[in-house]
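Here is the structure we will look at, set down as structure tokens.
Read the figures in this text as sums done on the coordinates, not as results from a lab. All values reported here derive from a predicted model rather than from experimental measurement. Neighbour counts are summed over all protein chains in view; Cβ atoms, including those assigned to glycine, are modelled from backbone coordinates with ideal geometry.
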Amino acid sequence: MASDGYVEGKLADYEEIIKQIKDVISARIVTNEFGEIIEIHVLSGPGRSPKQIVRDIESAFMAQFGINIDHKKVSVAQMQDDEGTRPMQEIRPKLTAVTVVSGGRKTEATVELEIGDEIYSGTALGPSTVNNKLRVIAQATVLAIENYLKGTCNMVTDDICRFSIAGKDAVAIAVSLITNVGEERLIGSAFLNNDEREAAVKATLAAINRRMALLLNE
């Protein structure tokens, strides 16, 4: 694999590639006396997490120049919002697929979520009862979110129930969120709208979404 050294005269091209990455405002590359990249400094807006920007830089350098960039050499500084508070990234996962397979006494559910430009999936298995099928779907959803958060936390689907409100059927889900600072109970709901599988995913996301930005910035 290629080293992270740069070819003389290419420095401006390298910085220009970084500037083309979404939410990047400016970039500066520092080299040593041998022309090797030792630091990459990036200024970005608050729209995306530093981890996402660093991953994009690594991918761009490999794709464009065949250069392997050590993520430890990349530092990202984010602009603050107008009130000077810490920028918080709004994350809204999008459901792309939910598959449920029931056989015998077991139900297996796989949920795929689009977050940013990537797909994250989770698969859960449980007893094949009417109510538990929704719980399995909900658990597959939280596992997909855990894959995205990469070990930041753990989540468990505690309970799920159907109810009626304003003349419409709905589903509510309680999720326990476990982090290094303790346990927190989250709740979300969604109308059934003739698709109980999609409703189970949306109710789960409704419970988790409000904490996603905080988990990414903790």
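Just checking the listed ones, ASP159, ASP23, ASP195: in the Gaussian network model of the chain with Cα springs under 10 Å, the one fluctuating most is ASP195. Taken as Cα centroids, the stretch 155-218 and the stretch 92-109 sit 16 Å apart, rounded to the nearest whole angstrom.
Subtracting the Cα-Cα distance of THR31 and SER75 from 0.36 nm times their residue separation leaves 14.4 nm of extension gain.
In straight-distance terms, cross-link reach from LYS73 covers every one of the lysines whose alpha-carbon lies under 20 Å from its own, apart from those fewer than eight places away in the same chain; here that gives LYS10, LYS19, LYS22, LYS51.
How big is D, in µm² s⁻¹, for the chain by Stokes-Einstein at 25 °C and 0.890 mPa s if Rh is the Kirkwood radius over C-alpha pairs?
Numbers: Rh = 19.7 Å.
For these conditions, the coefficient is 125 µm²/s.
For the chain, the longest principal axis of the Cα atoms and the long axis of helix 196-217 meet at an angle of about 40 degrees. Shown for LEU43, LEU125, LEU186: other C-beta atoms within 10 Å of each C-beta, ranked fewest to most, produce the order LEU125, LEU43, LEU186. Counting beta carbons within 10 Å around each of PHE163, PHE61, PHE34 and listing the fewest first gives the order PHE34, PHE163, PHE61. The lysines within cross-link reach of LYS168, meaning a Cα-to-Cα straight distance under 17 Å and a gap of 8 or more places when in the same chain, are LYS202.
Looking at the stretch 94-217, the pairs of alpha carbons with a distance over 18 Å make up 49% of the total. Rg/Rh, computed from the Cα trace of the stretch 151-218 with Rh as the Kirkwood radius, has the value 1.04.
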